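Participant: Next up is a structure, given as structure tokens.
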Amino acid sequence: MAFALSINLNKIALLRNSREGNYPSVIEHAKLCLENGVDGITVHPRPDQRHIRPSDCLELKTLLADKPQEFNIEGNPFEAKHGTYPGFIEIIRECKPEQATLVPDQGSQLTSDHGFDLNVSGQPLESIVNKLKSWNIRVSLFMDPDREQIRLAKELGADRIELYTGPFAHAYSLNDADDIFKKHCEAAQYATEIGLGVNAGHDLNLDNMKLYKTLPGLLEVSIGHAFTVDSLQYGMKSTIERYLELCR
Ligand code: PXP
């Protein structure tokens, strides 16, 4: 079954931010991705603005406005305004992406490394999920493959979950992914049964996607780090072709 490929452009922004100016341009790379057939663009504007900035989100919103591809913005919905960072929900309000992927990471984290514990975050998330849905934004929650937590995600009104694939990718690199992949398959099957769509992301690459692409009911993957590294080796156009071949 085909599923969507959303390219995460954080690492292009990280490279740009290592110098003054706008090179490499996030927008030009988004255009390249879109022209070469990807299904969506993902960004994760963090409060410290170390890669994607709020202004990138606005420019991407304009670029994607008349295009069929999906705009997905990830982040911690509890990140409030400080300094030039307007707050995650304000970015979403301004950009109105097709999908918001809510992630329980702290600003200081190197990268997202766990899903929500909805026994703790469920109640404060409820009004946020309702607000985003009232803006016609699809809400996806970053989750570990845990049946009870997935049930709570449904109860909260999420449309989709994004399964955190970091531990799967690590196990795959050690040739030891059978058990964890089984857990992901069971979680995905359960999510689908109770009416949640299933996305996945983190540390996915051309190698481990050969297995992960068989996840039942998979609707979308978002890939950034490995995609950027592969683009250095193969060029971006050829890298997109390689990933699309796995997704179709
Ligand atoms: N999903 C979430 C929630 C993320 O935070 C990230 C990294 O920004 C990804 C997916 C993509 O992970 P990677 O860059 O390892 O492909």
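Participant: Modelled label-to-label distance, Arg93 and Asn119, 7 Å Cα→beta-carbon offset: nm?
Facilitator: Distance between the two pseudo-spin positions: 3.4 nm.
Participant: In whole Hz and in residue order, list the ³J(HN,Hα) couplings for segment 131-146 that follow from phi through the Karplus curve 6.51 cos²θ - 1.76 cosθ + 1.60, θ = phi - 60°; x for Gly and Pro.
Facilitator: Karplus-based 3J(HN,Hα) across segment 131-146 equals 5, 4, 5, 5, 8, 6, 9, 6, 10, 10, 10, 6, 9, 7, x, 10 Hz.
Participant: Taking the Cα centre of the chain as the origin, how large is its charge dipole in debye, to the nearest 20, when only Lys and Arg (+1) and Asp and Glu (-1) carry charge on their Cβ atoms?
Facilitator: Magnitude of the dipole: close to 520 debye.
Participant: Between His51 and residues 5 or more places away or on another chain, which pairs have amide H atoms under 5 Å apart, with H built 1.01 Å from N, and which residues are they?
Facilitator: Arg46
Participant: Once the mean 1/r over all distinct Cα pairs of segment 7-91 is inverted, what Kirkwood radius in angstroms do you read off?
Facilitator: Hydrodynamic radius (Kirkwood, Cα only) of segment 7-91 equals 13.1 Å.
Participant: Please report the net charge: other residues with Cβ closer than 15 Å to the Cβ of Asn130, K and R +1, D and E -1.
Facilitator: Combined, the nearby Lys, Arg, Asp and Glu give +2.
Participant: With θ taken as phi - 60° and the coefficients 6.51, -1.76 and 1.60, list the Karplus ³J(HN,Hα) couplings across segment 71-80 in order, rounded to whole Hz; mark glycine and proline as x.
Facilitator: Calculated HN-Hα couplings, in order: 9, 10, 10, 9, x, 7, x, 8, 6, 8 Hz.
Participant: Please list the non-local residues whose amide H lies under 5 Å from the amide H of Ala4, H modeled 1.01 Å from N, same-chain partners needing a gap of 5 or more.
Facilitator: For Ala4, whose amide H was placed from the backbone, the distant partners under 5 Å are Glu220, Val221.
Participant: So what is the accessible area of the chain per residue, in Å², with the probe set to 1.4 Å?
Facilitator: Spelled out: the 1.4 Å probe surface of the chain, per residue, equals 46 Å².
Participant: Continuing with this model, one more query. I'd like the projected area of segment 184-248, averaged over all directions, using the convex hull of its alpha carbons. Report it in nm² with one decimal.
Facilitator: Seen from a random direction, the Cα hull of segment 184-248 projects 4.2 nm² on average.
Participant: In a shell of Cβ-Cβ distance under 12 Å around Gln106, excluding Gln106 itself, what net charge do Lys and Arg (+1) and Asp and Glu (-1) give?
Facilitator: -3
Participant: Just to compare against my own numbers: the Cα pair-distance distribution for segment 127-248, 10 Å bins, whole % per bin, please.
Facilitator: 13, 41, 31, 14, 1
Participant: Suppose every K and R has +1 on its Cβ and every D and E has -1 on its Cβ; what is the size of the dipole of segment 151-248 about the Cα centre, in Debye to the nearest 20?
Facilitator: In total the dipole reaches around 180 debye.
Participant: In the chain, with Lys and Arg counted as +1 and Asp and Glu as -1 at Cβ, which of these residues, Gln106, Leu60, Ala153, has the Cα nearest the positive end of the dipole, that is, farthest along it?
Facilitator: Positive-end residue among those listed: Leu60.
Participant: Let me ask you something else. Please report, to two decimal places, log10 I(q)/I(0) for segment 20-65 at q = 0.14, 0.15, 0.33 Å⁻¹ as given by the Debye formula with identical point scatterers on the Cα atoms and no solvent.
Facilitator: After summing over all Cα pairs, the log10 values are -0.34, -0.38, -1.33.
Participant: Could you derive backbone 3J(HN,Hα) for segment 29-43 from the dihedral phi with the Karplus parameters 6.51, -1.76 and 1.60 (θ = phi - 60°), listing whole Hz in sequence and x where the residue is Gly or Pro?
Facilitator: So the Karplus estimates, Gly and Pro as x, are 6, 4, 4, 4, 4, 5, 5, 9, x, 5, 8, x, 10, 10, 9 Hz.
Participant: Can you give me the three principal axis dimensions of segment 53-157 from its C-alpha atoms, in Å, biggest first?
Facilitator: 39, 31, 22
Participant: Search the structure for amide H atoms under 5 Å from the amide H of Glu74, placed 1.01 Å from N in the peptide plane, and list their residues when 5 or more places away or on another chain.
Facilitator: Those qualifying (amide H under 5 Å, at least 5 residues apart or on another chain) are Val43, His44, Thr101.
Participant: Something else now. Would you mind pulling out the separation of the Cα centroids of segment 5-74 and segment 152-183, in Å?
Facilitator: Segment 5-74 and segment 152-183 have Cα centres spaced 25 Å from each other.
Participant: Arg242 versus Ala2, label points 7 Å from Cα toward the beta carbon: distance in nm?
Facilitator: Here the answer is 2.2 nm between the modelled labels.
Participant: How much solvent-accessible surface does Tyr164 expose, in Å² to the nearest 10, with a 1.4 Å probe and all protein chains in place?
Facilitator: 20
Participant: In addition: Largest first and to the nearest Å, give the Cα extent of the chain along each principal axis.
Facilitator: Rounded to whole Å, the extents work out to 46, 40, 34 Å.
Participant: Based on Cα positions only, what radius of gyration and what Dmax would you give for segment 71-119, in angstroms?
Facilitator: Cα only, segment 71-119: 11.2, 32 Å (Rg, Dmax).
Participant: Counting Lys and Arg as +1 and Asp and Glu as -1, each charge on the Cβ, what is the dipole of segment 49-172 about the Cα centre in debye, to the nearest 20?
Facilitator: Details: 14 positive and 19 negative charges, 63 e Å.
It works out to roughly 300 debye.
Participant: Mark the label point 7 Å from the Cα of Phe78 along Cα→Cβ and return the residues of segment 107-122 whose backbone N is within less than 12 Å of it.
Facilitator: Only 107, 116-122 fall inside the zone, counting backbone N under 12 Å.
Participant: Positive end of the dipole of the chain, charges at C-beta (+1 Lys, Arg; -1 Asp, Glu), about the Cα centre: which of Cys95, Pro167, Val43 has its Cα farthest in that direction?
Facilitator: Cys95
Participant: Then there's this: If we sort 118-126, 147-155, 69-77 on the protection proxy, mean other Cβ atoms within 10 Å, highest first, what's the order?
Facilitator: Ranking the peptides 118-126, 147-155, 69-77 by packing returns 69-77, 147-155, 118-126.
The values are calculated or read from the model by the stated rules, or taken from the named source; none is laboratory data. Please read all numbers here as calculations on a predicted model, not as lab measurements. Note: ideal-geometry Cβ built from the backbone for every residue, glycine included; neighbour counts use all protein chains shown. Note: accessible area is taken over every heavy atom of the protein model, side chains too, but ligands, DNA and RNA are not part of it. Shrake-Rupley method; radii C 1.70, N 1.55, O 1.52, S 1.80 Å.
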